[in-house]
Structure formats: C-alpha cells, structure tokens
Amino acid sequence: MKFVDEFREPEVITRTSEEIRRLADPRRHYRIMEVCGGHTHAIYRFGLKDLLPSNIELIHGPGCPVCVLPMGRIDDGLSIAQDPNVIFAAFGDMMRVPGTQGSPLEHKARGMDVRIVYSPSDALKLAQANPDKHVMFFAIGFETTAPSTALTLVRAKTQGIHNFSVFCNHVTIIPAIRAILDSPDMRIDAFIGPGHVSTVIGCRPYEWIAKNENKPVAVSGFEPLDILQSIVMVLRQLRANEAKIENQYKRVVPWEGNRAALRAMAEVFELRPYFEWRGLGFISQSALRIRDRYAEWDAEQRFEVPGVRVTDPKAAQCGEVLKGVLKPHQCKLFGKECTPEHPIGALMVSSEGSCAAYFNYEHRKTATLASIASVA
Ligand code: SF4
C-alpha cells in the first residue's frame, strides 16, 4: 500500500534502528517527548520502544484532546443536554469519557438524546433533519479539527440554520508545549512534533522551541519508520549540539501550514484568555472560543452553563501521566480499577490516550520486524 508499506519495510527499519544506536551516546540518558497522542498510539502498537537503546526514554505528551479535557467541561456540555429539546452530538471517542455523573453513553442509557457524529457537518445535517430540536455539537480537538468546526459554523450562519450550536473545547498545541517546558519537574531533550496539527499550523510556530529553548524538534508522520527517522533527526541535532525544526513529514505537512484552514479558524474563533487543561492546570491563551459574530451558534452564550471546576478522583494520576512524570502503569489504578472496559480517566478511553495504548499493547514485549510489517 502506497505510503504505508515503504514505512514498515523491515530492512530499512533495522538500518534506522542501528543508526539510532550508533547516534545515542551511551553515557547520556535522552528524554524525547512525542507530543501527539497518535504517536503514542503508534509507539505502543508497533512496539517501537523495543527497537531503541535503553537510554532513550520516550515521554508521552499532552496531544490527546480527549485526555486533556477536564471533567468539568464534560459535565458542562452534558448539563446543556439535560434539556429534552437538545440533542448532544459528539465524536465517538467522547462517548465513554467519564463526567462526574457518568459518560455521554451512560447519559444516553438514562434517556438523554446523545448521537455519535463523524464530523461537525454531520451534526449540522442532524439539525436540519430535526427542525423541532436543537443540536449541540460538543467540539474537541487541536488545530487539526478546529477548521472543520469553523467551516461548519460559517455554513450554519450562511444558510440560516438556527437550531444548531457548538460547545467549543478546541485547544491549541503551542501553549501546551510552552507549559511543559516551563514545568519544573520536566526535563525534555527534544520533541517529536505533532504531524496532524502541523498539517494546519505548519512548522514555523515551533521555531521558538529551537531558538529560545535550544531543543530540537522533528515534525513526524505516524508510521514506524516516520517515528524512527524523527528520532534519528533529533539525535543528530543533539550530537551536533544544534537545535532546529526539521520536517520529517514533508509528504503531508507544508512548512507554512494550510492557509485556507487558518483563515477559516481566524474568521470564527479567537483565543480564550485562559483554559483549564487536565494535568497542566490553567494555561493562558491555550484554547479557542467562538467570536461574538457567531454568538448565536455558541452553546456557551446561548445556554446556561454551570462552569463548575471538577477535580479527577483522588487516586487517579492522569495529570502526572499527561505531563510525562509517571508512566501509565505507575498509576495506582492502572489495570485494576481503571481499564478500557471501566475507564476512570480519559487516558484509558481514547485510542490516543497513553493508558489505553499501554494497556492494549503492553503484552508486545518484543517487537519483531515481521510483526511491524504485518500490523494492519
Ligand atoms: S490508569 Fe486511569 S486513572 Fe490512572 S492515569 Fe491512566 S486513565 Fe488516569
């Protein structure tokens, strides 16, 4: 399969893995953060850790949008949908994320009108098909998904669809990386930059990481060879005492980003002064809200929202895992009270959550090259 098989080629993977071992200084311990949850998933799924020397530690970053959403926002969205005239529409990966009174799916079992949609425009179509109801789309995601929410709001306004709104939880990646670098308990040597987000924002917004923080970044694709090549790129930089932004994912990521998508976002969204992230706390200018000119389609302006802050259950260590301070299996609840069937934290729900990825693939103690080539 084009753009898949060549990135799982056993011989090339062997050579790249050897190159990593050659580049890694045995006297040094490397902490490399993969920012994106998609990379975390791929690392566990393909057992890539086992292809690295033991002095390279991969730290899982905050790039899983479901995982970083605090419980209070889920409660807020569900509180709007207590109104029997409201249909709660969201992506499938939101459905099992726990709020304090249960997940959207559990609310559905109790009678709430909860629907899975595959895109914001599906939610808009749902509103058109149900003119007697109000459809509220629970929007999450980084800059990857924000443009499609923006375009849907433009369409709702242009077509005069008034029984539709968006509960906006879109977040932005750069302030989260800044918060991690500012965190005293973090020591990151280099970043594997997020591939999906970068298709929209490009590579330029990361330049300060190299310039001001002296950390290498390689924006990476999601196949095994993409990730291994990105590790080679940052190790080469560290060895040469350099820090720059490299684009490993050139086949998808334009350096300047997607201008049309950025324009659509600028038309509809503005930065919130601050937003709460699970595990990272309040981060200034780290999330998007809907501009006043789209107020009619902003669920937060249209409905009463409790806005109560809710902390995670005491024993749940999602925050520490999100910051990369703990590995998933080091959480006291991992695999016992908290499993993919009975998740306590969001990191155990989403396929991009590090706890779910670790739980589902940890049996893969040794990656074999044959297994990498055969993963569908
Ligand atoms: S095991 Fe569950 S509670 Fe613990 S960090 Fe992971 S998701 Fe959170």
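The values are calculated or read from the model by the stated rules, or taken from the named source; none is laboratory data. On a predicted model such as this, the values are computed, not experimentally measured, just so you know. Quick reminder, even Gly has a Cβ in these numbers, built from the backbone with ideal geometry, and neighbours come from all protein chains shown. Calculation scope for accessible area: heavy atoms of the full protein, side chains included, ligands and nucleic acids excluded. Shrake-Rupley method; radii C 1.70, N 1.55, O 1.52, S 1.80 Å.
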Accessible area per residue, Å², the stretch 1-99 with all protein chains present, probe 1.4 Å:
37
Expressed in nanometres to one decimal, the distance between label points 7 Å along Cα→Cβ at E57 and S119 is 4.3
Express the relative contact order of the stretch 140-284 as a whole percentage, based on alpha carbon pairs under 8 Å and six or more residues apart in sequence.
27
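How large is the dipole of the stretch 215-326 about the Cα centre if only Lys and Arg carry +1 and Asp and Glu carry -1, each at its Cβ, rounded to the nearest 20 debye?
For the stretch 215-326, the charge dipole is close to 380 debye.
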I need to check one value: relative contact order of the chain, counting alpha carbon pairs closer than 8 Å and at least 6 residues apart, in percent.
24
Mind putting a number on the dipole of the stretch 39-85 about its Cα centre? Charges go on the C-beta only, +1 for Lys and Arg and -1 for Asp and Glu, and I need it in Debye to the nearest 20.
220
Mind listing the phi-derived Karplus ³J(HN,Hα) values for the stretch 85-97, rounded to whole Hz, using 6.51, -1.76 and 1.60 with θ = phi - 60°, and x for any glycine or proline?
8, 9, 9, 8, 10, 7, 5, x, 6, 7, 5, 9, 6
Using the Karplus curve 6.51 cos²θ - 1.76 cosθ + 1.60 with θ = phi - 60°, what ³J(HN,Hα) values do you get for each residue of the stretch 148-157, in whole Hz, with x for Gly and Pro?
6, 5, 4, 5, 5, 5, 4, 5, 4, 6
Running a GNM on the chain with Cα contacts under 10 Å, which residue among L322, L153, L23 ends up with the highest mean-square fluctuation?
L23
Computed over the stretch 189-289, protein heavy atoms only, probe 1.4 angstrom, the accessible area per residue in square angstrom equals 41
What is the percent carbon and sulfur in the accessible area of the chain, measuring with a 1.4 Å probe over the protein chains and ignoring ligands?
51
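Gain in length, R302 to R259, computed as 0.36 nm per residue apart minus the alpha-carbon separation, to one decimal in nm? Mind dumping the intermediate values first?
Numbers: separation 43, 0.36 × 43 = 15.48 nm, distance 3.03 nm.
That works out to 12.5 nm of additional length.
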If you stretched the chain out fully between H29 and R251, how much longer would it get, using 0.36 nm times the residue separation minus the C-alpha to C-alpha distance?
76.8 nm
Unpartnered cysteines of the chain (Cβ-Cβ under 4.7 Å counts as a partner)?
C36, C168, C203, C318, C331, C338, C355
Starting from the Cα of K244, draw a straight line to each of the aspartates and glutamates and keep only those under 12 Å, dropping any in the same chain fewer than 8 residues away.
E207, E213
Theoretical gain in end-to-end length, K336 to E106 [0.36 nm per residue, Cα-Cα removed]:
80.7 nm
If you add up the charges near K133, with Lys and Arg at +1 and Asp and Glu at -1, over every other residue whose beta carbon is less than 12 angstrom from its beta carbon, what do you get?
-2
Count charges around P65 for me, please; just the other residues with Cβ under 13 Å from its Cβ, Lys/Arg as +1, Asp/Glu as -1.
-1
Give the aspartates and glutamates whose C-alpha is closer than 17 Å to that of K323, dropping any in the same chain fewer than 8 places away, or say none.
E34, E57, D182, D185, D189, E276, D312, E352
State the antiparallel share, in %, of DSSP beta bridges confined to the chain, rounding to the nearest 5.
20
For a quick check of understanding: with a 1.4 angstrom probe and all protein chains in place, what accessible area in square angstrom does D189 have, to the nearest ten?
20
Using a 1.4 Å probe and counting only protein heavy atoms, arrange V166, V325 so the residue with the most accessible area comes first.
V325, V166
Suppose every K and R has +1 on its Cβ and every D and E has -1 on its Cβ; what is the size of the dipole of the chain about the Cα centre, in Debye to the nearest 20?
460
Could you go through the stretch 126-143 in sequence order and give the Karplus-derived ³J(HN,Hα) for each residue, using 6.51 cos²θ - 1.76 cosθ + 1.60 with θ = phi - 60°, rounded to whole Hz, and x for Gly and Pro?
4, 5, 5, 7, 10, x, 8, 10, 10, 9, 10, 8, 8, 8, 10, x, 7, 5
Beta bridges by DSSP in the stretch 64-164, antiparallel share as percent, to the nearest 5
10
With every protein chain present, what accessible area does D182 have (1.4 Å probe, heavy atoms only), rounded to the nearest 10 Å²?
110
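V154 to E6: FRET efficiency via 1/(1 + (r/R0)^6), r the Cβ-Cβ distance, R0 51 Å, to the nearest 0.05?
0.85
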Relative contact order (%) - the stretch 58-177, alpha-carbon pairs under 8 angstrom, separation at least six
26
